[in-house]
1. Once every DSSP H run of n ≥ 4 in the chain is given -39500 (n - 2.57) and the sum is divided by its residues, what mean residue ellipticity at 222 nm do you get, rounded to the nearest 500 deg cm²/dmol?
2. When N is the residue count of the chain, what does its C-alpha Rg come to as a fraction of 2.2 N^0.38 Å?
3. Counting Lys +1, Arg +1, Asp -1, Glu -1, what net charge surrounds Leu263 among other residues with beta carbon under 12 Å of its beta carbon?
4. Please check: in the Gaussian network model of the chain (C-alpha springs, under 10 Å), which one of Val22, Val142, Val102 has the largest mean-square fluctuation.
5. For Cα pairs less than 8 Å apart in space and 6+ apart in sequence, what is the mean separation divided by the residue count of the chain, i.e. the relative contact order in percent?
6. Considering only Thr126, Thr48, Thr283, give the residue with the highest GNM mean-square fluctuation for the chain, with springs between Cα atoms whenever their separation is below 10 Å.
7. Can you sort Glu72, Glu42 so the residue with the fewest Cβ neighbours within 10 Å comes first?
Amino acid sequence: MAAPTVAIEADLHAAILAWFAVRGRDLAFRATADPYAILVSEAMAQQTQAARAADYWSRFLVEFPTVQALAESTPAAVLRAWRGLGYNRRALALRQAAIAIVRDHGGAVPDELEALECLPGVGPYTARAVAALAFGRRVGAVDVNVRRVLSRAIGGSLEAFGTAELQRIADASVPADQPGVWTHALMDVGATFCRARAPRCGGCPAQPWCQAAPSFASPRGQDTPVSPAAPESPVTAPHAAREAPVAFETTSRWLRGRLLDLLRDSPDGAWATLPAAMGSHGTSAIAAAFSAMVAEGLAERHPADPWQARLPLA
Ligand code: SF4
C-alpha cells in the first residue's frame, strides 16, 4: 500500500500565492487561455528559459495562429519559425501534435491527461502543465524548478522523495480554485529563488516553512541576497573545475545548428550545397551530422547528390 502523501502546509501555500500575485513574472503566454497557444508555450519552454521562449511564442503564433494552421504547415516552415530556440526536434514534434489534434480530436486540444500524453512530444510534465493551465485540472506539473521547491521545502532535500511520491505531493498541492495560478507560482519560486546552487532563501516566500532553508544559511546567518535579474550559475560537478571547458563551436550540436541555418537561409524547396568544412569541423563530421539530421526529419537529402540538402517539405 502506498504511503500517505505529505501535504503542503496551508500557510506555505498561501504565502507562495500571495508572493506570486505581486511578484510573479509577466510572461506573454500567461495572458492566454487558448489551449493551443498554451501547448505551444509549453513545447517552447521545455528546454528554453521561459522568458526567452515568450519572445518566440508571440512570433510563432502570428505565423501559425491556430492548430489547423500548424497542422497544414510544412516541416520547413515550422523549422524556420523555430530558428533561435534550439532543440529543433521539438518543432517537428509540435507540428505532429497539431496533426494528431486535427485528425483525432476534431481540431481541439484534448483536455484529458491521458489524451494529452499521447500527443507527439508531450510528456508527463507538458501534459500536466497544459491540463492545469488550459483546462483547470488539479494536476501538478513537475519540472526541475518545481521539483527543487517541493523537495526542499517539504522534504528538506532534493533527494527527499522519489518521482512517484513527488508527483503525488505536487498533485495534492494544486488548489481547486486556481490550478493555473499555482502552477505558474511554483515555477516562478523555483526560477527566482530556488536555484540549483545557492538558493536565494532570503526573499523566498517559502522560507519560513522550508525544511531545507536552514542548511543554506551562511555561517554569519545571512541568506544569499535576492537579485532576480542575476543569471544562475551553471551547475557543475565537483570534478568539473579540473576539466578544460569545451568550446561550443567544437560540438556536434553547434555544427547541426549551423547546417540547419544554412538550409533555413535557402529559398523554400531549393537545394543547398553542404560545405566541405564548417568552423573546426571537416567533411566527415559534416557528413555524420547531416545524416543524423536526415534520420531525424530535420533535413532532406537530394536523391541524386548526397551533398545537396534542403528543409523537408512534407
Ligand atoms: S527557502 Fe530556499 S530552499 Fe526553500 S524553497 Fe525557498 S529558495 Fe528553495
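No lab work stands behind these numbers, since they all come straight from the coordinates. Here the structure is a predicted model, which is why all the values come from computation and not from measurement. So basically every Cβ, Gly included, is an ideal-geometry build from the backbone, and we count neighbours across all protein chains shown.
1. It comes out at -14000 deg cm²/dmol, rounded to the nearest 500.
2. Dividing the Cα radius of gyration by 2.2 N^0.38 Å gives 1.13.
3. Here the count lands on +3.
4. Its mean-square fluctuation being the largest, the pick is Val22.
5. 17
6. Maximum among the listed residues: Thr283.
7. Glu72, Glu42
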